[in-house]
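The values are calculated or read from the model by the stated rules, or taken from the named source; none is laboratory data. Computed from a predicted model, the values in this text were never measured in an experiment. In this analysis, Cβ positions are derived from the backbone assuming ideal geometry, glycine residues included, and neighbour counts consider all displayed protein chains. Only protein heavy atoms, including side chains, enter the accessible area calculation; ligands, DNA and RNA are left aside. Shrake-Rupley method; radii C 1.70, N 1.55, O 1.52, S 1.80 Å.
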Amino acid sequence: LFWVLALLILCGFLWHYKGQLKITNITDKYIFITGCDTGFGNLAARTFDKKGFHVIAACLTESGSTALKEETSERLHTVLLDVTDPESVKRTAQWVKNQAGEKGLWGLINNAGVLGVLAPTDWLTVEDYREPIEVNLFGLISVTLNMLPLVKKARGRVINVSSIGGRLAFSGGGYAPSKYAVEAFNDSLRRDMKAFDVHVACIEPGLFKTDLSDPVKTTERKLTIWKHLSPDIKQQYGEGYIEKSLDKLKGTTSLVNTDLSLVVECMDHALTSLFPKTHYAAGKDAKIFWIPLSHMPAVLQDFLLLKQKVELANPKAVGLS
């Protein structure tokens with residue numbers, strides 16, 4: 001038992017040491033990050049600029065681009081990009097190619113994303129699913145396919161920001177389906193790129209306080225949908241359903257992470273480690289609750305997640321519309 005324990009301690013030490021080994025010549029390397037107006041992308045752009053990378057930060061708005069330039073060095077360049085516009089993506093890829101030249105692109109960080117509408121499935125239409133799937137999935141795929149030749153040239157890294165929503169569908173809407181699909185795309189890409197010495201990593205943040213998860217905007221969208229629901233669905237859920245849902249959410253605020261650097265630290269390791277991981281869980285809630293729960297039987301998942309749901313007023317009310 002003593003020798004087994006000694007071997008386990010040695011293996012743990014070597015594993016930790018292996019994870020600390022870093023690449024060299026950071027100042028020669030170019031990285032491209034999407035979704036840099038706010039949140040994870042904005043912090044990542046500022047952090048990697050300070051480290052010495054040549055950062056190309058894609059912003060959706062001119063105001064986001066201007067604000068980022070004011071806080072960073074002359075090495076950082078910004079570009080306006082709508083990931084859902086194929087022509088915008090192609091132009092940006094060509095511009096990045098001109099900037100990076102023969103060095104290629106060491107890092108591609110697909111961070112841009114939207115939450116979309118979070119609401120019970122029977123409240124929604126197909127159109128309510130489109131925005132998060134267009135941005136989070138098709139936008140990510142479009143950027144990746146256009147930038148991949150540059151990443152292959154540098155034998156670099158692709159980092160896809162998914163979510164714990166790619167492990168567990170905690171609410172109706174297009175967000176979770178888009179993130180589940182990102183996980184699948186990430187896995188197939190990782191295997192396809194091994195022959196080219198391109199490493200592909202996936203980051204799965206838990207619940208973080210960002211503009212993406214602004215509770216005011218989320219509630220406003222849900223209220224807009226509520227107003228147009230049929231009378232029978234309104235009777236099934238009850239007039240106070242949304243307010244009761246908000247009260248339930250207040251009890252989970254302790255799970256929300258406020259330190260965005262936890263996600264950027266995962267990006268950093270995926271970019272600079274000699275031995276990067278394939279998956280990164282960011283946030284205590286992701287590591288302690290969401291990721292473990294995703295491996296549990298469905299009956300346990302349903303039990304724990306449904307405890308946070310509001311009881312419907314009259315689920316058997318039908319045929320009024």
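Provide the percentage of antiparallel DSSP beta bridges, counting only those with both residues in the chain; round to the nearest 5.
Percent antiparallel among DSSP bridges in the chain is about 5.
How far is the Cα center of segment 257-309 from the Cα center of segment 15-35, in Å?
One Cα centre to the other: 22 Å.
For the chain, what does -39500 (n - 2.57) per DSSP helix run (n ≥ 4), summed and divided by total residues, give at 222 nm, in deg cm²/dmol to the nearest 500?
Helix contribution divided over all residues of the chain: -14500 deg cm²/dmol.
Roughly what angle does helix 175-193 make with the longest principal axis of the chain, taking Cα atoms, 0 to 90 degrees, to the nearest 10?
30 degrees
Aspartates and glutamates within cross-link reach of Lys51: Cα-Cα under 16 Å, excluding same-chain residues under 8 positions apart?
The reachable aspartates and glutamates, counting only those whose Cα sits under 16 Å from Lys51, are Asp28, Glu71, Glu74, Glu265, Asp268.
Of all alpha-carbon pairs in segment 1-84, indicate the percentage at a distance above 16 angstrom.
Value for segment 1-84 (Cα pairs over 16 Å): 59 percent.
At what distance in nm do the modelled label points of Asp214 and Ala195 sit from each other, each positioned 7 Å from its Cα along Cα→Cβ?
It is 4.6 nm.
Compute the convex hull volume of the Cα atoms of segment 164-321, divide it by the residue count, and report the result per residue in Å³ as a whole number.
Each residue corresponds to 145 Å³ of Cα convex hull volume.
Beyond 36 Å, what percent of the Cα pairs of the chain remain?
Here the long-distance tail beyond 36 Å is 25 percent of all Cα pairs in the chain.
What is the extension gain from Glu71 to Glu239, computed as 0.36 nm multiplied by their sequence separation minus the C-alpha to C-alpha distance, in nm to one decimal?
Between Glu71 and Glu239, full extension yields 55.8 nm more.
Find the all-direction average of the projected area of the Cα convex hull for segment 173-246, expressing the result in square nanometres with one decimal place.
If you wrap the Cα atoms of segment 173-246 in a convex hull and average its projections, you get 7.1 nm².
Can you pull the accessible area of Lys69 for me, 1.4 Å probe, Å² to the nearest 10?
110 Å²
Which links in Lys69/Lys248; Lys69/Lys287; Lys69/Lys103 stretch past 31 Å when you go from one Cα to the other?
Pairs exceeding 31 Å: Lys69/Lys248; Lys69/Lys287.
Please work out how much length the chain gains when fully extended from Val256 to Lys103, using 0.36 nm per residue of separation minus the C-alpha to C-alpha distance, in nm with one decimal.
51.1 nm
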